[in-house]
Amino acid sequence: MALNKKPVNGMKDIMPEEMQIRDYVMGVIKETYGKYGFTPMETPCMENIENLSSKQGGENEKLIFKVLKRGAQLNVEAAQTEAEVVDFGMRYDLTVPLVRYYANHANDLPSPFKALQMGNVWRADKPQKGRYRQFMQCDIDILGEESNLAEIELILATTTTLGKLGFKNFEIRINDRRILKAMAAYSGFNEEDYDSIFITLDKMDKIGIDGVERELIEDGYDRECVDKYLALFKGMNASEDTLAFIEEKMTGFLDETVKTGFREIIESVNATKGDYFKLVFDPTLVRGMSYYTGTIFEIAMPEFGGSCGGGGRYDKMVGRFTGKDVPACGFSIGFERIILILMESGFKVPDQSKKVAYLIEKGVSGEALCNIIAEAQKERQSGAQVLVARMNKNKKFQKEQLTAEGYEEFKQFYRERLKN
């Protein structure tokens with residue numbers, strides 16, 4: 001029986017054209033983030049299953065690829081529980097591994113620690129266009145910075161990177177989990193119901209305010225609380241200054257330092273940003289991860305539909321490992337989504353170097369071949385990208401393929417001509 005030549009469902013082979021774009025994008029990301037002081041680091045693809053199942057990853061914890069114990073430790077027949085056969089899991093994001101890494105190496109790291117991590121993650125999700133079971137994530141995080149300088153730097157570094165990749169007219173939507181909680185408290189909801197209410201609120205862009213109202217009532221929440229809650233959103237929609245409206249309404253429910261710090265983020269970014277994006281206060285932005293404790297943000301690209309990344313502050317995660325909380329904030333670019341957009345828009349990698357193809361007829365060998373390779377080496381040393389290959393029988397098709405790959409000059413070497 002022949003072996004299966006297709007990749008595992010939900011994973012993909014990457015063709016050369018896409019690989020060139022991926023390498024270019026990764027290069028831009030590393031170079032730009034490096035200028036903002038972010039340091040590359042790396043964590044293993046597997047983590048202890050207890051870390052991945054610690055109630056910090058939200059719905060992603062239901063999508064873990066679990067790894068069986070090995071050798072004599074694995075006894076499936078005698079196992080009564082999953083814990084007896086599973087000890088590791090494939091990481092489903094880069095944040096949990098980063099926090100473990102920081103907890104393990106904090107004494108050897110600068111403070112604050114500005115981390116850049118790029119790597120594959122795995123989720124047992126339902127595959128669809130643009131959504132895979134193995135995919136690349138790209139995160140920048142700042143650990144040990146308590147002030148809102150962390151949020152400002154993360155937003156500016158991320159938007160600068162997207163701008164260098166040619167993206168325009170996108171939005172950074174920003175909110176704060178403490179504002180969300182203050183609005184729920186103001187409306188009279190019980191604190192234990194906040195997460196459930198926020199899950200419904202997060203659907204606002206899909207089902208509208210009427211849909212949110214209907215779902216909250218169906219879930220059994222008090223009509224008076226629901227009406228008071230939704231009146232806040234209606235008031236903000238009618239207000240010229242959404243943030244000022246909510247700041248006034250939340251007096252007594254939201255600490256003044258939160259208001260001041262949040263507005264300072266917006267004003268600082270707006271004072272220094274480029275004209276290729278907008279920073280927008282979005283009171284319906286929730287972000288699904290339960291580990292967020294403060295500011296949250298998301299990249300929205302209306303021209304392409306959907307979001308292309310996000311992040312926020314997670315000040316309580318390190319403490320789960322060490323017993324001592326450390327301020328932390330991060331921003332993740334939706335790498336695969338960006339690659340898909342670039343591919344569909346016909347993006348070509350900018351390359352200043354000349355691309356030359358040396359096509360050598362079969363039978364050319366010995367001294368003649370050595371001379372050709374020596375010539376190619378000289379061109380490479382002068383900055384050109386040179387491909388040396390044997391001629392195919394169908395030379396026209398071969399040249400068409402190479403032209404599609406960006407080769408603009410061809411040098412052909414025939415056995416008979418070289419003899420002369």
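Spin-label model, Met26 to Val280: label points 7 Å out along the Cα-to-beta-carbon direction sit 3.3 nm apart. Each residue, Ile373 and Ala2, gets one label point 7 Å from its Cα in the Cβ direction; the gap between the two is 3.6 nm. Please compute the net charge surrounding Ala376, taking Lys and Arg as +1 and Asp and Glu as -1 over other residues with Cβ under 14 Å from its Cβ. So the surrounding residues net to +3.
How far, in nm, would the chain grow between Thr272 and Met41 when pulled straight, counting 0.36 nm per residue and subtracting the alpha carbon separation? Walk me through the intermediate numbers first.
Working: separation 231, 0.36 × 231 = 83.16 nm, distance 2.84 nm.
This chain segment gains 80.3 nm when fully extended.
Each of Ala238 and Asp222 was given a label point 7 Å from its Cα along the Cα-to-Cβ line. The distance between the two points is 2.4 nm. Net charge in the neighbourhood of Gly235 (other residues with Cβ under 14 Å of its Cβ; Lys, Arg +1, Asp, Glu -1) is -2.
In this structure, the residue pairs whose Cα-Cα separation is over 19 Å, taken from Lys354/Lys399; Lys6/Lys129; Lys206/Lys278; Lys234/Lys278; Lys355/Lys411; Lys206/Lys234, are Lys206/Lys278; Lys234/Lys278.
Taking the helices alone, the chain has a mean residue ellipticity at 222 nm of -12500 deg cm²/dmol, built from -39,500 (n - 2.57) per DSSP H run of at least 4 residues and averaged over all its residues.
Straightening the chain between Glu400 and Glu256 buys 45.3 nm, computed as 0.36 nm per residue apart minus the Cα-Cα spacing.
Can you figure out the FRET efficiency of Gln385 with Asp195, using R₀ = 60 Å and their beta-carbon distance, to the nearest 0.05? FRET efficiency, Gln385 to Asp195: 0.65. Each principal axis of the Cα atoms in the chain has its own extent, and those three values, largest first, are 95, 63, 46 angstrom.
Every number in this text was worked out from the coordinates using simple rules, so none of it is lab data. Not measured: the values here are computed from a predicted model. So basically every Cβ, Gly included, is an ideal-geometry build from the backbone, and we count neighbours across all protein chains shown.
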